[in-house]
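The values are calculated or read from the model by the stated rules, or taken from the named source; none is laboratory data. It should be emphasised that the depicted structure is a prediction, and the values quoted were computed from it without experimental measurement. When we count neighbours, we look across all protein chains shown, and the Cβ atoms used for this are built from the backbone with ideal geometry, even at glycine. Heads up: the accessible areas ignore ligands, DNA and RNA and are worked out on the full protein's heavy atoms, side chains in. Shrake-Rupley method; radii C 1.70, N 1.55, O 1.52, S 1.80 Å.
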Amino acid sequence: MSEPYDLVVIGAGSGGVRAARMAASYGARVAVVEEFRVGGTCVIRGCVPKKLYVYASRFSETFDVAQSFGWQVDAKFDWPTLVANKEKEISRLEQAYIAGLEKPGVEIIHDTAAVTGPNSVRLLDSGREMDARIILIATGAHPSIPSIPGAELAITSNEAFDLPALPHSILIEGGGYVAVEFATIFAGLGVDTTIIYRGECLLRGFDDDIRKGLEAGLQDRGIKLIHQTTIRALSRDGDNISASFSDGVVAPYGAVMFATGRVANVGNLGLETAGVELSPSGAIAVDAYSRTSCPSIYAVGDVTGRVQLTPVAIREGWYFAETVFNNNPLAVDHSQIPTAVFSDPELGVIGLTETEAATHGDIDVYLARFRPMINTLSTKTERTILKLIVGADGGKVLGVHILGPSAAEMIQLVAVAMGMGATKADFDRTMALHPTAAEELVTFKGPSYTYRQGAKV
Ligand code: FAD
């Protein structure tokens, strides 16, 4: 056995890096084991490259609208340039993460780790055994792949960023934010794009008006939507992939992508050797302080299946370090998390949907639909949607839902007001900033409609 560590972190992604840095800054002897690249999903093949590709894809619409402002644009897109520049940026960020770990003295080990007991970890490549007072599992999640014939012909978000060339067409299976974002990326870059989804409307769990507005916006951009259907089988058909659907249709596509959810990385981690229990969904079960059923083992981020977002993983990692290494027990509040989908149109939401809020009590709903100003000189008819859901008793703002340009930026700031318990009167007192889309949020007069005892009035 080697010398003991105060903390061994498995996984150098959003949650693991923050926890390791904070614990080391409190004087702990920390090692972090990473089997791929430092930075994890968010930096290497998630939020960061995704947003860069979203920016790339939006130029086509910008060039289109620019003509209504008198510009003449003759633009060409080069995929290898985007991939190479993305690689440069994520490598820069990876180096920044490494420096951020090394500065407080965290040891970075490139290997695959497995737990071998409550206080021991084995490195599977080197065979090294490590003693640890505390183990933190921050191994994230991976794309789920449907078990259908020919599934190996499809890609996931992991491969989508580095395709050797853009396909002429793509079929994306899924109805969540990854499916929707990649559909708008590919469509904006000129790929003939189809989403196939088993449900009736994309983005289950989001507000219904926003979901419908989003689907209309996707279709306006030429994205085809196939509902209540799944892919049954894939097969090679020359340069194409032939997809057989559950309704009997067979169609060829240049590429097929699964965006059908993400599964916690718990396989081969040796959790049974330490009695670490899983939740019914297969993620690691933890308490409010991210402690597992084994007292010396904690888990944060996507592997716990709480809320699979980077800022949540970071906060869980930070609060774990506060609790365990700074004698300052902190539990993460998982309510009121602002969420965005960086599609076109973009959406940003926080709090309860209309349907959820109406089951909690009487509510007033304020709804605005208008053409975003950038489109008023063009023939684009798409509407921005802003919805404010307010408790009828006391006027507390319970939910804000925005679909349209810069929705994500708006909702981040709305989250501050919501966190302070803002009421409609607080919004009304706020001076409008004109001309913006967000000013609608502080200039609503009477409610558009209300719910009383669960019924829409
Ligand atoms: P990860 O960041 O996944 O890190 C886990 C690390 O553990 C990985 O580096 C992995 O290689 C390593 N690992 C796994 N097993 C082992 C092992 N046995 N030994 C050693 N190392 C191991 N979130 C947002 O907030 N905003 C977004 O816009 C957003 N966009 C996304 C887009 C896509 C396409 C995807 C896939 C995700 C996106 N997310 C987004 C989610 C976000 O990336 C994750 O919530 C976040 O990265 C979770 O952090 P984590 O620390 O739990 O895991």
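Here are the numbers for this structure:
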{"read-out": "Tally, over the stretch 165-185, of residues that are farther than 30 Å from Leu367 by Cα and either surrounded by 24 or more Cβ atoms within 10 Å (Cβ to Cβ) or charged (D, E, K, R) (or both)", "value": "4"}
{"read-out": "Residues located in the stretch 280-295, provided they are surrounded by 16 or more Cβ atoms within 10 Å (Cβ to Cβ) and within 19 Å of Leu7 (Cβ to Cβ)", "value": "Ile284, Val286, Tyr289, Ser290, Arg291, Thr292, Cys294"}
{"read-out": "Residue match in the stretch 63-81 (condition: surrounded by fewer than 23 Cβ atoms within 10 Å (Cβ to Cβ), within 16 Å of the ligand (Cβ to nearest atom) and in a helix (DSSP H, G or I))", "value": "no"}
{"read-out": "Wholly within the stretch 176-292, strands (runs of 3 or more DSSP E) carrying at least 3 residues that are not aliphatic (A, V, I, L, M)", "value": "192-196, 231-237, 240-245"}
{"read-out": "Condition met for Gly188 (under 20 Å from the mean Cα position of the chain (by Cα) and more than 15 Å from the ligand (Cβ to nearest atom))", "value": "yes"}
{"read-out": "The stretch 339-359, residues that are more than 14 Å from the ligand (Cβ to nearest atom), surrounded by fewer than 22 Cβ atoms within 10 Å (Cβ to Cβ) and either closer than 16 Å to Asp220 by Cα or of a type in the set (S, T, N, Q) (or both)", "value": "Thr353, Thr355, Thr359"}
{"read-out": "Meets criteria (surrounded by 15 or more Cβ atoms within 10 Å (Cβ to Cβ), aliphatic (A, V, I, L, M), over 13 Å from Ala154 (Cα atoms) and touching a residue at least 40 places away in the same chain (Cβ under 8 Å)) for Ala259", "value": "no"}
{"read-out": "Matching entry among Glu215, Glu277 (being closer than 29 Å to Leu386 by Cβ and surrounded by fewer than 22 Cβ atoms within 10 Å (Cβ to Cβ))", "value": "Glu215"}
{"read-out": "Whichever residue in the stretch 27-39 is more than 10 Å from Glu94 (Cβ to Cβ) and near the ligand (Cβ under 7 Å from one of its atoms) and, among such residues, is surrounded by the most Cβ atoms within 10 Å (Cβ to Cβ)", "value": "Glu34"}
{"read-out": "Selection within the stretch 398-457 - small (Gly, Ala, Ser), open to solvent by 50 Å² or more (accessible area, probe 1.4 Å) and part of a helix (DSSP H, G or I)", "value": "Gly419, Ala425"}
{"read-out": "Failed item, numbered, when Ile148 is tested on (1) more than 24 Å from the chain's Cα centre (by Cα); (2) among the β-branched types (Val, Ile, Thr); (3) within 16 Å of the ligand (Cβ to nearest atom)", "value": "(3)"}
